[in-house]
1. Would you please name the residue that is farthest from the chain's Cα centre (by Cα), looking only at residues in segment A:134-144 that are more than 7 Å from chain B (Cβ to nearest Cβ) and outside any helix (DSSP H, G or I)?
2. Residues to consider are B:254, B:317; find the one that is within 14 Å of another protein chain (Cβ to nearest Cβ) and surrounded by fewer than 24 Cβ atoms within 10 Å (Cβ to Cβ).
3. Filter segment B:213-242 for residues that are in contact with a strand residue (DSSP E or B) (Cβ under 7 Å, 6 or more places away or on another chain) and part of a helix (DSSP H, G or I); which is nearest to the other protein chains (Cβ to nearest Cβ)?
4. Mind checking whether some residue in segment A:145-167 is loosely packed, with under 14 Cβ neighbours inside 10 Å, over 26 Å from residue B:152 (Cβ atoms) and within 11 Å of another protein chain (Cβ to nearest Cβ)?
5. Determine, yes or no, whether residue A:38 is touching a residue at least 24 places away in the same chain (Cβ under 8 Å) and either more than 32 Å from the chain's Cα centre (by Cα) or facing chain B (nearest Cβ under 7 Å) (or both).
6. Grab the helices (runs of 4 or more DSSP H) fully contained in segment B:362-475, keeping just those with 3 or more residues being charged (D, E, K, R) and farther than 30 Å from residue B:318 by Cβ.
7. When residue B:320 is evaluated against the numbered criteria (1) hydroxyl-bearing (Ser, Thr, Tyr); (2) part of a helix (DSSP H, G or I); (3) farther than 14 Å from residue B:394 by Cα, which criterion, by number, is the only one it fails?
8. Condition check: buried (at least 18 other Cβ atoms within 10 Å of the Cβ) and not in a loop (DSSP other than H, G, I, E, B). Does residue A:95 satisfy that?
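The values are calculated or read from the model by the stated rules, or taken from the named source; none is laboratory data. The shown structure was predicted, so the numbers you read here are calculated from the model rather than taken from an experiment. For neighbour counting, all protein chains shown are included, and Cβ atoms are generated from backbone atoms with ideal geometry for every residue, glycine included.
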Amino acid sequence: MKHYVLGEFERDEALLGAARALSGRPGLTVDLHSPYPLHGSDEALGLKRSTVPLVALVAGVAGACSGYLLQWYVNGVDWPLNVGGRPAHAAPAFIPVTFELGVLFASFTIFIGLLGWYFGFPRVHHPVFEVEAFRSASIDALWLSAEVDGDAEPVASELRKLGARQVTIVPEVRS
Amino acid sequence: MSTAEKTIVEAHALEGPPVLVGRPGDRELTESLFQPVLGPTRKGWLLLLAALLGGVGFWTLSLVTTFAVGIGAWGNNIPVAWAFDITNFVWWIGIGHAGTLISAILLLFQQKWRTSINRFAEAMTLFAVAMAGLYPVLHLGRPWFAWWLFPYPSTNGIWPNFKSALPWDVFAISTYASVSFLFWYLGLIPDLATLRDAAKNRTQRIVYGILSFGWRGSARHWQHYRIGYLLLAGLSTPLVVSVHTIVSFDFAISQLPGWHTTIFPPYFVAGAIFSGFAMVLSLLIPARRAFGYHQVVTERHLENMAKVLLVTGMMVSYGYVMEHFMAWYSGSEYEFFAFWNRWVPDAKHDTGHYAWIWYMQVFCNVVTPQIFWFRWARRNEVVLFIASILINVGMWAERFMIIAVSLSRDFLPSSWGNYSPTWVDWGLFLGSICTFGMLFMLFLRFLPAIPLFEVKELRRELDHAGHGGQAAHGEAHR
């Protein structure tokens with residue numbers, strides 16, 4: 001059965017130190033929770049570079065291409081209109097919509113991708129929310145959470161040693 | 001005072017007032033900034049909301065009339081086929097652009113003073129775009145067929161013509177509205193989670209809990225969040241320029257004297273930012289007073305916005321000068337006449353019926369911002385508020401001059417005709433201001449108007465940097 005060990009820290013140096021000490025161990029997933037992005041949390045947790053820019057680029061290019069293809073098909077192939085003898089397939093006139101669709105696709109991909117894929121949202125119930133004091137994580141406190149496979153007690157006592165103010169163990173309840 | 005101290009004080013004087021007054025704690029910030037949302041409903045708020053609802057009623061009546069009677073209920077007719085409707089459209093969409101400028105472009109330039117006003121400005125963008133989008137749809141004549149604008153495989157076998165500027169508009173405005181919403185909402189999520197956690201009752205916890213999707217401030221999420229947010233800012237920046245460029249194409253690619261000019265895209269974008277910053281000030285100054293945001297919206301913010309007004313005002317003035325220069329330099333008597341018609345009331349030649357609007361426009365847009373050469377004016381709430389209202393009026397007048405007045409005098413004197421609005425035109429215009437105001441009031445009451453997590457981050461940054469103009473102002477350090 002999985003357990004979550006939660007520890008509250010007062011200072012960010014202590015929190016990042018604890019994260020460095022615990023992260024990378026087998027059977028243990030460490031995460032930090034703070035009201036604002038913490039400087040240095042990425043290295044402390046050993047996180048890899050985010051892939052969001054790459055995903056956004058692919059989506060943007062796909063959007064721009066589909067925008068151009070759409071205009072080429074509807075105005076150039078399926079329903080060519082002769083307006084004052086201008087060419088039916090008119091590349092310069094197709095630039096605005098091509099650009100707009102590129103931006104539109106990239107933006108929606110970033111938003112939906114972040115929430116649905118990278119964050120796993122919507123997830124309004126999470127074991128960390130079982131601790132009432134965890135409410136301070138979005139207001140003024142810094143928390144460390146460790147997802148433990150197996151015995152959680154050693155991790156909890158280690159967290160205390162690393163300077164956590166209060167430590168709680170939450171069992172993950174699967175419904 | 002030692003030389004070193006003197007240097008510090010002088011440096012602070014040069015830097016201007018702080019972007020954050022004092023060093024409040026995170027909990028203190030949460031409580032004071034969320035007071036408007038979590039505190040009790042205030043009487044003043046209710047009264048103002050009720051007053052605005054009256055205007056919303058007038059607006060609804062005008063809308064219903066337009067739907068029932070058709071656009072014959074408006075004053076528009078040939079030759080002035082575009083009048084209040086398109087003027088309102090361009091005016092509102094321009095106002096929206098300042099929100100994106102503050103939230104996206106200033107973010108990319110790492111301007112710290114943007115932090116406490118960006119949410120405010122983004123909300124203004126959303127509501128302004130919502131108002132703007134309405135007019136072209138109403139102007140279709142049969143607005144219930146608005147979906148014909150989009151390319152879909154219809155049984156008629158016909159498609160939009162993408163060589164016209166109007167389908168560009170459809171894509172530009174709908175993309176702009178969607179992206180602005182996503183950007184605004186992404187920024188709101190951490191603050192909605194804070195609202196959920198600071199909420200005083202169960203209903204608030206549930207509603208804000210659902211709206212925040214279960215945000216738990218995870219470092220693993222913050223990593224992607226920051227990059228995603230920055231990317232959206234990066235995408236919004238060229239988007240905002242493209243949108244107003246495309247709006248200006250509606251006019252510039254036609255051949256009507258007064259419209260047909262290459263200066264329109266940059267001139268329209270500058271005008272959009274000019275009017276939008278004015279609107280931000282018109283909203284921010286009363287809200288700052290009412291909700292006591294003085295700690296996070298300081299004189300520094302007001303002063304910087306006044307400087308932006310001065311700069312963009314000069315750009316717009318340059319646009320006016322160049323329009324006239326090109327009309328003269330083109331050697332086209334029609335172009336020349338279009339501008340003559342704006343300046344000179346002359347009954348014999350039937351010109352200048354709207355000259356008073358032109359003079360008002362020059363006073364509001366060219367003369368008014370010049371007061372911001374003076375520091376006392378940039379820091380004075382009353383001066384700023386009055387100037388911002390004048391600029392809003394002036395920018396509306398500018399769009400009216402360009403659109404309706406150019407149309408009223410085209411090539412052939414036999415096709416000339418003047419325009420006067422009906423009560424429905426006034427209802428759709430003034431009513432939209434009330435509707436916008438109502439949406440804004442609801443936003444102030446139910447959503448965090450100041451981006452709390454960014455203010456907390458800013459406080460930390462200022463602490464680490466060890467300055468921010470605090471020492472010179474004698475405020476307590478924490």
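1. Within segment A:134-144, the match that is farthest from the chain's Cα centre (by Cα) is A:141.
2. B:254
3. That would be B:219.
4. no
5. yes
6. Correct list: B:452-465.
7. The number of the failed condition is (3).
8. No; evaluated as a whole, the condition is false for this residue.
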